[in-house]
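Undergrad: Attaching a single structure in structure tokens format; questions to follow.
The values are calculated or read from the model by the stated rules, or taken from the named source; none is laboratory data. Because the structure is predicted, anything quoted here is derived from the model rather than measured. Protein only, heavy atoms only, side chains kept; ligands, DNA and RNA dropped before computing areas. Shrake-Rupley method; radii C 1.70, N 1.55, O 1.52, S 1.80 Å.
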Amino acid sequence: MAETHVLFVEDDDVIREATQLALERDGFTVTAMPDGLSGLDAFRAHRPDIALLDVMLPGMDGVSLCRRIRDESTVPVIMLSARADSIDVVLGLEAGADDYVTKPFDGSVLMARIRAVLRRFGHAGGAGAGDGGREETASGGVLAFGDLEVDTDGMEVRRAGTPVALTPTEMRLLLEFSSAPGTVLSRDKLLERVWDYGWGGDTRVVDVHVQRLRTKIGQDRIETVRGFGYKLKG
């Protein structure tokens, strides 16, 4: 099986070189770039399996780079931010990132996060990762919610007969909701089921993805239940 190809864009030479070595030791093929413009060129040239993007990059910042990548591909993207409370984290998620890791990061935490994302997207994720992702929650067939149709076999979504383009993470999130319409799902439960977190995570990841999903399937389709989570209207 071919090694998983990682695009890593980071302007700090020490972090870039150390992280590249750690990724390669773990069985990944790595293309490392020091700025956003060269990162975009590398993405187009190599079409990697996953992209790790620092938020603060010269030339083109990481949020803009993420947005450009998302315009062309549904490849998983993880943002790297120096501040957990930075607005840049939310901006990165809104631009289409699937997850984020706060710097400085422990190598094992980064590897675990990468593999969790890759499992969701169906990649092996480097040496020894396996396919530890959970089975899809929705049973086969087409589920209908008003003008929204979810084909759980073909992994396709239509709204009023028009195809809706979702990223794999957005699709998994919708599958969770559609498997239990009317049932409130907590943010922590969604982090566990969709993002494969076996530990506490940042619930902003859920909130931003729900917001993105709403813009595609209808703002009123997913209801917020304050203090508890979200539910799909039946």
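Undergrad: Work out how much length ASP147 to ASP207 would gain on full extension: take 0.36 nm times their residue separation and subtract the Cα-Cα distance, in nm to one decimal.
TA: 19.2 nm
Undergrad: Determine how many Å³ per residue the convex hull of the Cα atoms of region 139-234 encloses.
TA: 90
Undergrad: Expected output is a single nm value to one decimal: the length gained when fully extending between SER64 and ASP188, i.e. 0.36 nm times separation in residues minus the C-alpha distance. What is it?
TA: Between SER64 and ASP188, full extension yields an extra 41.8 nm.
Undergrad: With every protein chain present, what is the per residue accessible area of the chain (1.4 Å probe, Å²)?
TA: With the other protein chains kept in place, the chain gives 45 Å² per residue.
Undergrad: Which percent of the accessible area of the chain is formed by carbon and sulfur heavy atoms (probe 1.4 angstrom)?
TA: With neighbouring chains kept in place, the figure for the chain is 49 percent.
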